[in-house]
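Enquirer: This is the structure I want to talk about, given as structure tokens.
The values are calculated or read from the model by the stated rules, or taken from the named source; none is laboratory data. None of these values were measured; they are calculated from a predicted model. Methodologically, a virtual Cβ is constructed for each residue, glycine included, from the backbone with ideal geometry; neighbour enumeration extends over all protein chains shown. Ligands, DNA and RNA are excluded from the accessible area calculation, which covers all protein heavy atoms including side chains. Shrake-Rupley method; radii C 1.70, N 1.55, O 1.52, S 1.80 Å.
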Amino acid sequence: MQHLGFSHSKLKIGSFDFTCCEGCQLQLANRESSLVEFLDLLDIRNFREISSERHDDYDIALVEGSISREDEVQRLKAIRNQAKVLIAYGSCACFGGINSLKNSFTTEQCVREVYGDSHVDTLPVRRISDVVNVDFSIPGCPVSKEEVEHIIVSIATGAMVSLPKYPVCVECKQQLNTCLFDLGEICLGPITRAGCKAVCPTGKTACLGCRGPAEDLNGASFLQLVADRGLSMDELDEKLRFYNCFEDLSNGKS
């Protein structure tokens, strides 16, 4: 396994969590793998969700969660120094995620609201790439287990790694769903990167954009669509800010 400097038969992987719910790690902790070759490639060296063993010799680091404390900054840098490849996975790691809603308030306001007068070591929320270099990003809330497996296999074998470029609307049409805009709801499917199989719209729940922007999205046209349907621009702003994925579009709107 020589493509990225791996000199042994199994890929040594560590999975690490920061400020998050650990839902993405739970996706991978499910022992039912979609790819037989995935399990054959792995030597799990550090993964708190599935083993109490801790080893610091790993080639690939999977990092979930955003960064919200100084000790997390130092820990993340140490992980980056060890890993040949660092993968940010999940919306929190890739974009800051729901945790980024905290950044709309002062640190003092956030601490007082949740912890009262107690002292809490906390910082404004940052995505992983704000702190260290990230080699690959896999978005989603949670991530798709199948997608993570395919990407890790691709990295290990030197194959091309890519995410869908088209929006969720493509997958939604493939599911023969009724467009939620036609039902009077704001859905971020037209501007969100596909790869989730349109699981939320298929369940009649509007897409909130957890996979981030699709490539070459037409933001002006999307904003015009919302306006033409007479839908709430305040609701749109709330949805655009939810995962911190559409900062440019949200700023452009306001």
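For every residue, the table says whether it meets (1) within 20 Å of S137 (Cβ to Cβ); (2) at pLDDT 90 or above.
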position: D40; (1), (2): no, no
position: R45; (1), (2): no, yes
position: E53; (1), (2): no, no
position: D56; (1), (2): no, no
position: G65; (1), (2): yes, yes
position: D71; (1), (2): no, yes
position: I87; (1), (2): yes, yes
position: S91; (1), (2): yes, yes
position: C94; (1), (2): yes, yes
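Enquirer: Just to check your reading of the model, which residue among E171, E108, E146 is assigned to a helix (DSSP H, G or I), at pLDDT below 95 and either open to solvent by less than 60 Å² (accessible area, probe 1.4 Å) or closer than 29 Å to R69 by Cβ (or both)?
Expert: It is E108.
Enquirer: When the residues of the stretch 199-229 are filtered to those that are assigned to a helix (DSSP H, G or I) and open to solvent by 70 Å² or more (accessible area, probe 1.4 Å), which remaining residue is nearest to P164 (Cα to Cα)?
Expert: V199
Enquirer: Which pairs do you get when a residue that is on the phi > 0 side of the Ramachandran plot and without any contact (Cβ under 8 Å) to a residue 60 or more places away in the chain, found in the stretch 231-246, comes within reach of a residue that is surrounded by 14 or more Cβ atoms within 10 Å (Cβ to Cβ) and of a type outside the set (A, V, I, L, M, F, W, C), reach meaning Cβ atoms under 6 angstrom, with the pair 6+ apart or on two chains?
Expert: Pairs that qualify, where the first residue is on the phi > 0 side of the Ramachandran plot and without any contact (Cβ under 8 Å) to a residue 60 or more places away in the chain and the partner is surrounded by 14 or more Cβ atoms within 10 Å (Cβ to Cβ) and of a type outside the set (A, V, I, L, M, F, W, C): there are none.
Yes or no, residue by residue, for (1) crowded, with 21+ Cβ neighbours inside 10 Å; (2) among the polar types (S, T, N, Q); (3) in contact with a strand residue (DSSP E or B) (Cβ under 9 Å, 6 or more places away or on another chain):
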{"residue": "A61", "(1), (2), (3)": "yes, no, yes"}
{"residue": "I67", "(1), (2), (3)": "yes, no, yes"}
{"residue": "E70", "(1), (2), (3)": "no, no, no"}
{"residue": "K77", "(1), (2), (3)": "no, no, no"}
{"residue": "N81", "(1), (2), (3)": "no, yes, no"}
{"residue": "Y89", "(1), (2), (3)": "yes, no, yes"}
{"residue": "H119", "(1), (2), (3)": "no, no, no"}
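Enquirer: Tell me the residue from C141, C196, C187 that is in contact (Cβ under 8 Å) with a residue 60 or more places away in the chain and assigned to a loop (DSSP other than H, G, I, E, B), please.
Expert: C141
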